[in-house]
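**Student:** Have a look at this one before I ask anything.
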Amino acid sequence: MPSIDSVGHAAATPDLEQPWAELGLKDDEYANIREIIGRRPTIAELAMYSVMWSEHCSYKSSKVHFTLWGENTTDEMREKLLVGIGENAGVVDIGDGWAVTFKVESHNHPSYVEPYQGAATGVGGIVRDIMSMGARPIAVMDSLRFGNLSHPDTERVLPGVVAGVGGYGNCLGLPNIGGEVVFDDCYQGNPLVNALCVGAMRTEDIHLAKASGAGNKVILFGAKTGGDGIGGVSVLASETFEEGGPTKRPAVQVGDPFAEKVLIECCLDLYKAGVVAGIQDLGGAGLSCATSELASNGDGGMRVELDLVPLRDASLEPHEILMSESQERMMAIVEPDKVDAFLAITDRWDVEATVIGEVTDGDHLVITWHGDVIVDVPPRSVAHEGPTYHRPLERPGYLDELQANGPESLTRPESGEELRTQLLSMLGSPNLCDKSWVTNQYDRYVMGNTALAQPDDAGVVRVDESTGRGVAVATDCNGRFAQLDPYAGAQLALAEAYRNVATAGAEPLAVTDCLNFGSPEDPGVMWQFREAIRGIAEGCKFLGIPVTGGNVSFYNQTGDVAIHPTPVIGVLGVMEDVARRNGSGFRTEGAHVYLLGT
Amino acid sequence: MGSIVVDVMLKPEILDPQGQAVAGALPRLGFSSFSDVRQGKRFVLTVDGAVTDEHLAQAREAAEKLLSNPVIEDVVSVHALDEGHDGGHDGDAQQVGAARTQDTAVRTAAHETGEADA
Amino acid sequence: MGSIVVDVMLKPEILDPQGQAVAGALPRLGFSSFSDVRQGKRFVLTVDGAVTDEHLAQAREAAEKLLSNPVIEDVVSVHALDEGHDGGHDGDAQQVGAARTQDTAVRTAAHETGEADA
Amino acid sequence: MRVGVVTFPGSLDDRDAARAVRACGGEAVSLWHGDDDLHGVDAVILPGGFSYGDYLRCGAIARFAPIMDRLVPAAQGGLPVLGICNGFQVLTESHLLPGALIRNDHRKFNCVDVDLAVENTSTAWTSDYEQGQTIRIVLKNGEGAFVADNDTLDRLEGEGRVVFRYGVDEHGRNPNGSYRNIAGITNERGNIVGLMPHPEHAVEAGYGPSTDGRGFFTSVLKHTVESAATA
Ligand SMILES: Nc1ncnc2c1ncn2[C@@H]1O[C@H](COP(=O)(O)OP(=O)(O)O)[C@@H](O)[C@H]1O
């Protein structure tokens, strides 16, 4: 057997056993791949499909419910929407020629394994998403959930996560303007680390992830590619390279915020110079995702010479290079006569940039390794036409009992003394107490545009220095409400974030969400999921603001026990002049106190 | 007083941004011989009296449990510093050489080879 | 490929918050033998081919110029790792002992005594 | 009146420093770490941030940037230089100011509003303050504890070169473990000032805890005009 499993070799050895099951593919998914490409996949193709068709990348369990977004979005709600669901992040028009993009994403599991690096790379990932839209990132937020504060493992996870969010965001120079810290036993084995980033740009500067224009160059830039995050495909290595075996692959990704900071400035210079025709960040599924998504979104094919990718670890095999989730990398599509200008800018920032391929007028994504074709596939089949599941839904049986157990059964304080004790115990509870231990580890002042941050309910940043135009953002969710009733719980989260933005003085404009749930294979969880989406979508329609993007995180459970459904909602609003924002809390002695609403 | 040195390095396959920054700066200062740099930690633990096997065993356990993060780091060596000469100081070549013969490495992981980092 | 190790420690009179934190945590984990802890840095520089005196001289200069800040830190040792046995790995006691006899300490500062920091 | 603001890879508060200069009536000139030219500026600010990721020691690598080859002799010759946070670290690593900045004693990054006592109003950057005045500005860093040996500390105190001191809490502790509560110092000549807190985040009402930071930038404008007049 040749050391490289080329397309030709695959065609000649149709019956070779392949470890598709170990890679998480179902038998019909594997059969489907064979049908799409008309032969058995090469190892590189198998690796690509398996990771792109994973739940994380393909949204295969959740996608069918996303029709609820569209169904509940009216033309009126789309008025200010410049880029909607489907791109790296949604973009809204905030007036005066300014556009704002924002999105929230989860990094739950990695943060449990290695809290500092997991949280840090979570921030890094969402920031690259925002950068890839053409925007300058202007603020971050973090919505965190942990188990019991007194549990020994919380002592490992909490400080690490907080230090990681701060370590990365502070070093990037992005003000952290808010977030959440919630403790509940249900998150003991599944802490939630959801990171949100906001970016701003002029409307004409919006960039999209698409590769079009035959002859345009594909440039990979940023950090070198290492073996990060490819543990899952190691089964492939053992298939082909029996002798010696691969060197050890790291179980966790380590972030380099300095490299990302330089990458941000470098990208902004590239945008300013007008040398970027299309751009995509490299996150989950690395090059597999970037090449297939860029090609799939474009109008032609793409050819990539994988052996040109600069490596941090020379022992990496081609399929591993395709899978690697090394951080701080981007991919751009550049017109040939702009390549020199492009490289001059990356040089100035000391960012490594390599032309690794070009856009073709074919309709296939072709990847070669020292001349051998190892991938030859229709890019849409990898990036956008993955499997779709209609998983069974069922309202959990325990809900009736849970809902029946109302507050009536609780004892009420009878005396002043009892009331006092109760109040004190509430004030002392980790969920209500002062969070400055966390927020003081985050730089909220950098960039000089922060008009509100902790401890206020919404973060407010100025976008336009000459007019004071800016945005307010809040994230909220109460998983206990969502556990009782996912539809109403999701709406309560939406309503709370909406109120927080409105009371800061902003007009709410758009919504992003991070849907943290248990296993989609559990019909009860799937029912919660559907209810939550329905709640958000219908709530948004009622409020008249669209969902512009988000993220789904499934399998947040320990054994059979899922976390409370936790649909974290971020709402963004616009203010003509953020100097007129309202802080929360009583600020003036003698002021009157009014209670509004019911 | 005796001293025990614990050396901890990032696993070879883990990205080391700190080492990379140093590696990037060295040529700019005219140091061109170094193809790679990795940065780790060195702990010096003090014990009362001479270093015993018991102390070393405790140090080894502490190294694994507290001083290193096994997810990303390896303990590459745990060894006593010789007390004989200079009150436990790690002062000159002679003495360092002597001290190090007491070394007790705790792992045989393939370290410090300077293979391009993974 | 050869490797050179550079060890840098905070001067004894400089406060070491990290070392103190470790010292505070050890007893809580049941390690009661250690009266003090200091945390320093360990750099591993890779050279192509075997380590020469020229390499060591460069490493010593880099250690003084870049890898340490003389206001607060001392370079406590610059030494080659032996390549002979195991490809330069710092693997077992034997080998580490052998490697360390090549140590070239560059200072004689009073280090690692674990005197309470200033 | 042109004030240069140096951008190193990883500088973060460079744009803020430039904004502060403009807000106080100066012209901000952006200086690139790789330039070996100060472009005729009248003063220079080394801004906050994490130059080169602050990976080795804060400021250790930035010190060797080409622009520092120009800046060091110019500063020694009297050019007003202000190092804020990372800039202060670069100044100590470059030996333009004594001492060093190490990890905060509580080992965490700490972003808080602090009260500083102004103890020297004769520097190029502090003449618009009153001796003993308290100003409230932002402190945000992980490695901000100022340390030096006792002789150096005594000399700094004796020569009146401690420019800013932190207020202390009820336990007598300052926010990061700085020796003798020192937040900022100057050189013998008073043209170079370094401090950990960030005056550039306190120049605009509504964006920062106060506008107490403006004095830095107005002081240096006056200083330049006065030196030009006497020259
Ligand atoms: N919960 C959600 N609500 C709204 N849109 C979502 C949600 N989850 C994912 N999306 C959108 O689906 C699209 C596909 O996700 P994508 O951004 O490609 O995922 P990733 O960034 O994780 O690769 C994106 O536009 C994303 O905003």
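The values are calculated or read from the model by the stated rules, or taken from the named source; none is laboratory data. A quick note: this is a predicted structure, and the numbers were derived from the prediction, not measured. Heads up, the Cβs are rebuilt from the backbone with ideal geometry, glycines too, and the neighbour counts pull from every protein chain shown. Just the protein is used for accessible areas: all its heavy atoms, side chains included, with ligands, DNA and RNA removed. Shrake-Rupley method; radii C 1.70, N 1.55, O 1.52, S 1.80 Å.
**Student:** Mind listing the label-point distances from B:Val71 to the same position on all other copies, shortest first, one decimal in nm, points 7 Å along Cα→Cβ?
**Tutor:** Reported distances to equivalent positions: 3.5 nm.
**Student:** Return the calculated 222 nm mean residue ellipticity for chain D, to the nearest 500 deg cm²/dmol, obtained by summing -39500 (n - 2.57) across DSSP H runs with n ≥ 4 and dividing by the residue count.
**Tutor:** Here the helix-only value at 222 nm equals -7000 deg cm²/dmol.
**Student:** Sticking with this one: From other protein chains only, count the Cβ atoms within 10 Å of every residue's Cβ in A:451-457, then give the mean.
**Tutor:** That average works out to 1.
**Student:** Quick one: if you take sqrt(5λ) for each eigenvalue of the C-alpha gyration tensor of segment A:454-552, what semi-axes come out, biggest first, whole angstrom?
**Tutor:** With the √(5λ) rule applied to segment A:454-552, the semi-axes are 29, 13, 12 Å.
**Student:** Let me ask something else about it. Quick one: Karplus J couplings for segment A:547-556, per residue in order, coefficients 6.51, -1.76, 1.60, θ = phi - 60°, nearest Hz, x for Gly and Pro?
**Tutor:** 7, 9, x, x, 7, 10, 10, 9, 6, 8
**Student:** Please work out the Kirkwood hydrodynamic radius for segment A:161-234, using every pair of different C-alpha atoms, and report it in angstroms with one decimal place.
**Tutor:** Evaluated over segment A:161-234, this radius sits at 17.5 Å.
**Student:** Using only protein heavy atoms and a 1.4 angstrom probe, determine the accessible area buried between C and D, summed over both sides, in Å² to the nearest 100.
**Tutor:** 1400
**Student:** How much accessible area is lost when chains D and A come together, counting both sides, with a 1.4 Å probe, in Å² rounded to the nearest 100?
**Tutor:** Separately minus together, D and A give about 2400 Å² buried.
**Student:** To continue, here is another question. List the distances, in nm to one decimal, from the label point of C:Gly30 to the label points of the same position in every other copy, shortest first, placing each label point 7 Å from Cα along the Cα-to-Cβ direction.
**Tutor:** Here C:Gly30 shows inter-copy label distances of 5.5 nm.
**Student:** Using a 10 Å cut-off around each Cβ of peptide D:149-156, what is the average number of partner chain Cβ atoms that fall inside?
**Tutor:** The mean count of partner-chain Cβ atoms within 10 Å per residue comes to 1.
**Student:** Sorted by accessible area (1.4 Å probe), largest first, how do A:Thr467, D:Thr230, A:Thr503 line up?
**Tutor:** Ranked list, largest accessible area first: D:Thr230, A:Thr503, A:Thr467.
**Student:** If you build the Cα gyration tensor of chain D and take the root of 5 times each eigenvalue, what three semi-axes come out, in whole angstrom, biggest first?
**Tutor:** Output for chain D: semi-axes of 24, 20, 18 Å.
**Student:** Longer than 24 Å from Cα to Cα, which of A:Lys224/C:Lys65; A:Lys26/A:Lys60; A:Lys210/A:Lys272; B:Lys11/D:Lys140; A:Lys60/A:Lys80 are they? Say none if no pair is.
**Tutor:** The pairs that break the limit, which is 24 Å between Cα atoms, are A:Lys224/C:Lys65; B:Lys11/D:Lys140; A:Lys60/A:Lys80.
**Student:** Here is a further query. Quick check: with the 1.4 Å probe, what order do B:Phe43, A:Phe542 take by accessible area, largest first?
**Tutor:** A:Phe542, B:Phe43
**Student:** Report the GluC sites (Glu not before Pro) located in segment D:137-189 that are in a DSSP loop and have at most 10 other Cβ atoms inside 10 Å of their Cβ, or state none.
**Tutor:** Qualifying residues, ordered by number: D:Glu170, D:Glu188.
**Student:** Another question, if that's okay. What are the ³J(HN,Hα) values, in whole Hz, obtained from phi via the Karplus relation 6.51 cos²θ - 1.76 cosθ + 1.60 with θ = phi - 60°, for each residue of segment C:7-20 in sequence order, with x given for Gly and Pro?
**Tutor:** Couplings: 10, 10, 10, 4, 4, x, 7, 8, 4, 10, x, 5, x, 4 Hz.
**Student:** Let me ask you something else. Could you work out the pair-distance distribution P(r) of segment D:94-218 from its alpha-carbon pairs, with 5 angstrom bin width and percents rounded to whole numbers?
**Tutor:** Histogramming segment D:94-218 at 5 Å steps yields 2, 12, 22, 25, 21, 13, 4, 1, 0 percent.
**Student:** Heavy atoms only, 1.4 Å probe, whole protein assembly: order A:Tyr594, A:Tyr112 by accessible area, highest first.
**Tutor:** Ranked list, largest accessible area first: A:Tyr594, A:Tyr112.
**Student:** Still on this model: To the nearest µm²/s, what D does Stokes-Einstein give for the protein assembly as shown at 4 °C and 1.567 mPa s, using the Kirkwood radius over alpha carbon pairs as Rh?
**Tutor:** 42
**Student:** Calculate the mean, over all residues of peptide C:5-17, of how many other protein chain Cβ atoms lie within 10 angstrom of the residue's Cβ.
**Tutor:** 5
**Student:** How large are Rg and Dmax for segment A:23-154 when calculated on the C-alpha trace, in angstrom?
**Tutor:** Radius of gyration, then largest Cα-Cα span, for segment A:23-154: 19.3, 56 Å.
**Student:** As a test of understanding, state the convex hull volume per residue of segment A:130-175 from its alpha carbons, in Å³.
**Tutor:** 80
**Student:** Which whole number of Å³ per residue matches the convex hull of the alpha-carbon atoms in chain A?
**Tutor:** 159
**Student:** Follow-up question, since we're still on this one. What are the nm distances, shortest first, from B:Thr52 to its equivalents in the other copies, labels at 7 Å along Cα→Cβ?
**Tutor:** 5.0
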